[in-house]
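For reference, the structure is listed below as structure tokens.
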Amino acid sequence: MAVQDLWTNRRGEHTARYGRGLRYRVVVRGYPSTACRTKAEAESLNAERIVKGPPAARSAELVDDAVELWVASKRGLSKSGRTSAREAAGHVLRRWRGVQIDDVDVREVRAWIAGLETTRGTPASHALRSNVLQCLRGAIGDRVDLSSVTAGRKTRRAARFLSVPELSALAGAVGAHDAPMVWLLGTTGLRVGEACALDVWHVDRRRRRLHVVTSKNGEDRWVPIAASVLGMLDLSRGRTDPLLTNSRGGRVDKDNWRARVFRPAVEEAGLGAVRIHDLRHTAASLAIASGADVKAVQRMLGHRSAKMTLDLYGHLWDAALDDVAARVDGVIRAER
């Protein structure tokens, strides 16, 4: 049981390894030898292993087997949920295939998650890192303590607000059949999943409202719709028929629509890096520009609080302050 200095010998002389690799090695009976960067880290690990005593008998179970069981447990999820689970499992298997669960080192996991890349070689998003870590925890978390491993800090992508001409260009690029979808998302702020779940009967033509029954937060809401956009919708079909349809007349699948319709149209319209969620941001910006207050925008978007709405879009109201001053000045001049 000892902490070994790999850079100097007992006489204090430099070894052949001096300056290369990790300097200290922890050797405790029953545990694999472990290299550490600092002496403090090595002594801490050495003391921890001595206190814990010899580890339990090792198991030959592989990470592969545990991950396969974890994936099997996700069969009850939605199609997109199962896809995300399989994607996360693929990343785990590419790194840990053939490794025994008892050989998984927490520090190696931490470094791997921090440097995780997509299959295209680009840095993984926070969401992907979180999904992959969730997979590994779900598979081996009862055997390896991964509580100290995190997916890192989430960085919020800047919102993109399309102008009306840009929204029109996008609607033109998707084609006549899918244009109502673009206008609906870009002017009402519906999430794409909410829009795909709408049936004809969810539209109140007289009040110009959409009844969102299936929402992210589980609460239904009524959303205003502009008369021009309402006129684009086909309300002549049966009440329980989907409001928006694919080219074969069935309900739109959001993932398929994103990949096959939306992304090619964004490229064709030359809009750069635009996501479907940016249409929701666009709807919020148009509502604010039209004079809607924070409570109205909150209700339209289905946010749980006005604070959330202000955190996302408060700067748009700030930008409108000059317009308020100009309107007040106009009133003053008119009354003189």
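The values are calculated or read from the model by the stated rules, or taken from the named source; none is laboratory data. In this text the structure is predicted, and so the values were computed from the model without any measurement. Here the Cβ is made from the backbone with ideal geometry for all residues, glycine too, and neighbour counts use every protein chain on show. Areas reflect the complete protein model, heavy atoms only, side chains present, ligands, DNA and RNA absent. Shrake-Rupley method; radii C 1.70, N 1.55, O 1.52, S 1.80 Å.
Listing for the model above:
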| read-out | value |
| --- | --- |
| Residues that are more than 12 Å from E194 (Cα to Cα) and of a type in the set (A, V, I, L, M, F, W, C), drawn from region 223-244 | I225, A226, A227, V229, L230, M232, L233, L235 |
| Residue within region 105-121 that is modelled with pLDDT under 85 and open to solvent by 50 Å² or more (accessible area, probe 1.4 Å) present | yes |
| Residue within region 123-143 that is open to solvent by 80 Å² or more (accessible area, probe 1.4 Å) and either in a strand (DSSP E or B) or in contact with a Ser or Thr (Cβ under 7 Å, 6 or more places away or on another chain) (or both) present | yes |
| Restricting region 144-156 to residues that are under 27 Å from G302 (Cα atoms) and in contact (Cβ under 8 Å) with a residue 24 or more places away in the chain, the residue that is most open to solvent (accessible area, probe 1.4 Å) | R153 |
| Flag for V149 being more than 18 Å from the chain's Cα centre (by Cα), outside any loop (DSSP other than H, G, I, E, B) and not hydroxyl-bearing (S, T, Y) | no |
| Cross-chain or 6+ apart pairs with Cβ under 7 Å, region 237-262 first and farther than 14 Å from L184 by Cα, then open to solvent by 70 Å² or more (accessible area, probe 1.4 Å) and in a loop (DSSP other than H, G, I, E, B) | S247/H177 |
| Tally, over region 273-305, of residues that are in contact (Cβ under 8 Å) with a residue 60 or more places away in the chain and not in a helix (DSSP H, G or I) | 6 |
| Subset of region 9-30 [under 30 Å from G53 (Cβ atoms) and either more than 43 Å from the chain's Cα centre (by Cα) or open to solvent by 50 Å² or more (accessible area, probe 1.4 Å) (or both)] | R10, G21, L22, R23, R25, V27, R29, G30 |
| Hits in region 27-84 (condition: outside any loop (DSSP other than H, G, I, E, B), among the hydrophobic types (A, V, I, L, M, F, W, C) and out of contact with any Cys (no Cβ under 9 Å at 6 or more places or on another chain)) | V27, A35, C36, A40, A47, I50, V51, L62, V63, A66, L69, A72 |
| Those residues of region 97-122 which are outside any loop (DSSP other than H, G, I, E, B), hydrophobic (A, V, I, L, M, F, W, C) and free of Cβ contacts under 8 Å to residues at least 40 places away in the same chain, in sequence order | A111, W112, I113, A114 |
| Answer from V63, V51 - the residue that is surrounded by fewer than 13 Cβ atoms within 10 Å (Cβ to Cβ) and hydrophobic (A, V, I, L, M, F, W, C) | V51 |
| Scan of region 267-283 for residues that are surrounded by 14 or more Cβ atoms within 10 Å (Cβ to Cβ) and within 20 Å of the chain's Cα centre (by Cα), ordered by number | V274, R275, I276, H277, D278, L279, R280, H281, T282 |
